[in-house]
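Readers should treat all values here as calculations from the given coordinates under stated rules, not as data from a laboratory. Everything quoted here is computed from the prediction, not taken from an experiment. Here Cβ is always computed from backbone atoms with ideal geometry, including for glycine, and neighbour counts include all displayed protein chains.
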């Protein structure tokens with residue numbers, strides 16, 4: 001009887017081991033860090049920072065002024081140019097000003113008005129103000145980076161898969177992302193890019209064994225209409241072949 005029981009126990013243990021190994025492989029998730037399109041906004045003209053249109057972390061709309069420069073000198077110049085052109089326009093109609101002078105003053109008026117418009121640094125997208133680099137009252141020179149805005153309407157994460165997985169993946173394939181901090185809330189995603197060149201696993205992977213493996217980067221995009229996903233969050237991604 002003992003001779004029969006021992007092989008049965010061994011077989012049961014092997015079956016359990018195979019079951020749990022298969023289940024673990026099926027439930028395996030790749031980790032990636034959420035990224036978004038980040039747009040740096042810089043000053044085009046020199047001026048003192050008068051205000052910011054949002055706080056860091058606050059939402060901004062497309063066309064909203066993220067930063068406003070004082071630009072008193074440019075506004076004065078624009079007013080003078082507008083007055084000069086208005087007088088020239090009346091004289092031009094009466095034949096007292098040449099077409100060349102009329103066009104020159106018109107250009108000067110339009111150029112001055114455009115520079116005043118540049119004093120308001122507007123966001124080209126709806127999103128979130130990530131960083132404000134300067135303080136109110138500081139003088140900003142042309143080219144000074146004032147803020148960074150993130151477009152959160154769609155985000156992405158990179159995962160790194162071994163060579164054996166490549167044949168099972170294709171662009172456009174639907175995947176599922178899980179947010180551990182929100183009780184594994186699910187986010188539908190889609191593979192957008194599969195990079196063809198192998199590389200070493202990034203250094204932020206914890207184990208030495210994993211860091212020495214050659215893997216392929218896969219970019220997964222996620223629609224983010226509610227802006228729940230933010231840059232820096234960790235997403236766990238389950239690939240379709242593991243269902």
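How much length is gained on full extension from residue 75 to residue 99, taking 0.36 nm per residue of separation minus their Cα-Cα distance?
6.0 nm
Averaging sequence separations of C-alpha pairs under 8 Å and six or more residues apart, then dividing by the length of segment 72-118, give the relative contact order as a whole percent.
Once divided by the residue count of segment 72-118, the mean separation gives 54 percent.
Work out how much length residue 89 to residue 170 would gain on full extension: take 0.36 nm times their residue separation and subtract the Cα-Cα distance, in nm to one decimal.
Gain on extension, residue 89 to residue 170, equals 22.8 nm.
Using packing as a proxy for protection, rank 133-143, 64-74 so that the peptide with the highest average count of other Cβ atoms within 10 Å comes first.
My ranking of the peptides, most packed first, is 64-74, 133-143.
Compute the separation of the alpha-carbon centres of segment 95-154 and segment 72-86 and state it in Å as a whole number.
Between the Cα centre of segment 95-154 and that of segment 72-86, the gap is 16 Å.
Measure of size requested: the Rg and Dmax of segment 72-118, with Cα atoms as the atom set and Å as the unit; please supply both.
When restricted to Cα atoms, segment 72-118 yields Rg and Dmax of 11.1, 35 Å.
Can you pull the one-decimal nm distance between simple spin-label points at residue 153 and residue 195, each 7 Å off the Cα toward Cβ?
Between residue 153 and residue 195, the simple spin-label model gives 2.7 nm.
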